[in-house]
Amino acid sequence: MAENKVKQVKAELKDGVIEVKFMILHPELTYNQALKKGLTKDDANFILRITGNIGDKKVLDMSTSQFFSKNPVFRCKIKGDEFKKGDVLEIVAVDRKGDVLKKSTEIK
Amino acid sequence: MKRREFLTFGMGILTLSLVPSKIFAENFRETKPNAWIAENVTKKDNEGKLVVDGDNLDGVNKALKELYGVDLKDIPVNDGVKLHVAETLSKPARSQIKFESTIPAKSVALLQSGNPESLVTVYDVTPYDMMDYEVFIKMGGSGTIFVVVHGLDGKFYRAEKKVTASAGGCEG
């Protein structure tokens, strides 16, 4: 079984805006998909929350449902005035089973 | 205001301003659990199979009531909220959705009427969040996609678009 993890975090600072893109390797198994596979609803597993931090500053905060695609990709824009190239962005995702998936990258 | 009261008040304001912003972040899964289980309405298709009725917005309305305490009909469409999604979703299992808001906001929610439940995600808007997003979602069938912005002014604003899922959509 493939390992669930945050992958390909990219953060690029340009003209005061940090463009963020990341992918999370995760099955995003819905309740209905679990039942169709002969599993129970309790076997469904999907990401419940995603946060992004640069240092001690929270820059992104999402509460999420079962309806993101498998291995979902996310993009967002962050105000870059208080940050500089070389600062570290950390993306943290928590799924329904309690697994915590993290990845950090330097802002370029 | 007396000097002591003024200093006490001033220190309070200073203390609040120094608290890291993330302490105030809201986990909507914990604070609004019922919003995530608000089900879209189902109907029987031509073969008698139960499917989500994407034209019925009662599920979206129920989720919004649980999330924000408002009715969909009381949320006006506003040009400050943009939603970009194809009218026909050629790959419903991976539907690309872009949305943004120029309205200063507390939170931004994405909902739809084509899956078993209606709420997809809620962004708790941080001071650094420019509210310019792109996500990829599953659409179990055709329906309407909504972006609802809860403004810092306490008002609500929305954008919406009706979409058709090709090949009957994915298994939501």
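The values are calculated or read from the model by the stated rules, or taken from the named source; none is laboratory data. These figures come from a predicted structure and were not determined experimentally. Glycine gets a Cβ as well: all are built from the backbone with ideal geometry, and neighbour counts include every protein chain shown. Surface areas here come from the heavy atoms of the whole protein model, side chains and all, with no ligands, DNA or RNA. Shrake-Rupley method; radii C 1.70, N 1.55, O 1.52, S 1.80 Å.
Database remark: amide H of B:T126 closer than 5 angstrom to the amide H of A:D61 (H placed geometrically; neighbours at sequence offset of 5 or more, or on other chains; Pro and chain starts carry no H).
Over 26 Å apart at the Cα level, from the set A:K5/B:K82; B:K43/B:K162; A:K70/B:K65; B:K43/B:K138, are A:K5/B:K82; A:K70/B:K65.
Can you give the helix-only mean residue ellipticity at 222 nm for the protein assembly as shown, where every DSSP H stretch with n ≥ 4 adds -39500 (n - 2.57) and the sum goes over all residues, rounded to the nearest 500 deg cm²/dmol?
On the way: 4 runs with 37 residues, N = 280.
The per-residue figure over the protein assembly as shown is -4000 deg cm²/dmol.
Karplus-based coupling profile of the stretch A:54-62, in residue order and whole Hz: 10, x, 9, 9, 7, 10, 9, 8, 10, with θ = phi - 60° in 6.51 cos²θ - 1.76 cosθ + 1.60 and x standing for Gly or Pro. Per-residue 3J(HN,Hα) values for the stretch A:87-102, derived from phi via the Karplus relation 6.51 cos²θ - 1.76 cosθ + 1.60 with θ = phi - 60°, read 4, 9, 9, 10, 9, 10, 10, 10, 9, 5, 8, x, 5, 10, 10, 9 Hz in sequence order (x marks Gly and Pro).
Within the P(r) computed for the protein assembly as shown, what percentage of the Cα pairs occupies the region above 35 Å?
Numbers: 7426 of 39060 pairs.
Result for the distance tail: 19 percent.
Sequence-ordered 3J(HN,Hα) estimates for the stretch B:81-87 from the Karplus curve with 6.51, -1.76 and 1.60 and θ = phi - 60° stand at 10, 10, 10, 10, 8, 5, 5 Hz, glycine and proline given as x. For the stretch A:18-79, the Kirkwood estimate of the hydrodynamic radius, built from every pair of different alpha carbons, is 13.1 Å.
May I ask for the Rg/Rh ratio of chain A, computed from Cα atoms with Rh as the Kirkwood radius, given to two decimals? Before the final figure, lay out each step's value.
On the way: Rg = 15.3 Å, Rh = 14.6 Å.
We get a ratio of 1.05 for chain A.
Projected onto its three principal axes, the C-alpha set of the stretch B:47-172 covers 48, 25, 21 Å, listed from the longest axis down. Over chain A, calculate the relative contact order: mean separation of alpha carbon pairs under 8 Å at least 6 apart, over the residue count, as a percent. Computed value for chain A: 33 percent relative contact order.
Looking at the protein assembly as shown, the accessible area is 51 square angstrom per residue; that uses a 1.4 Å probe and ignores ligands, DNA and RNA.
Annotation: amide H of A:F68 within the under-5 Å range of B:K138, sequence separation 5 or more or interchain, hydrogens built in the peptide plane.
The GluC sites (Glu not before Pro) of the stretch A:42-108 that meet both conditions, a loop assignment by DSSP and at most 16 other Cβ atoms within 10 Å of the site Cβ, are A:E82. Ligands, DNA and RNA left out, the accessible area of chain A computed with a 1.4 Å probe is 47% carbon and sulfur. When the Gaussian network model of chain A links Cα atoms closer than 10 Å, the mean-square fluctuations of A:L35, A:L89, A:L13 top out at A:L35. Surface burial for A against B, with a 1.4 Å probe and both sides summed, reaches about 3200 Å² of accessible area.
Of the residues A:D15, A:D61, B:D132, ranked by 1.4 Å probe accessible area with the largest first, the sequence reads A:D15, B:D132, A:D61. For B:G114, the residues whose modelled amide H falls within less than 5 Å of its own, excluding neighbours fewer than 5 places apart on the same chain, are B:T144.
By its C-alpha gyration tensor, with a ≥ b ≥ c as the square roots of the eigenvalues, how is the stretch B:100-141 shaped: rounded for a/c under 1.5, else prolate for a/b larger than b/c, else oblate? Walk me through the intermediate numbers first.
Working: a/c = 2.96, a/b = 2.34, b/c = 1.27.
Verdict is prolate for the stretch B:100-141.
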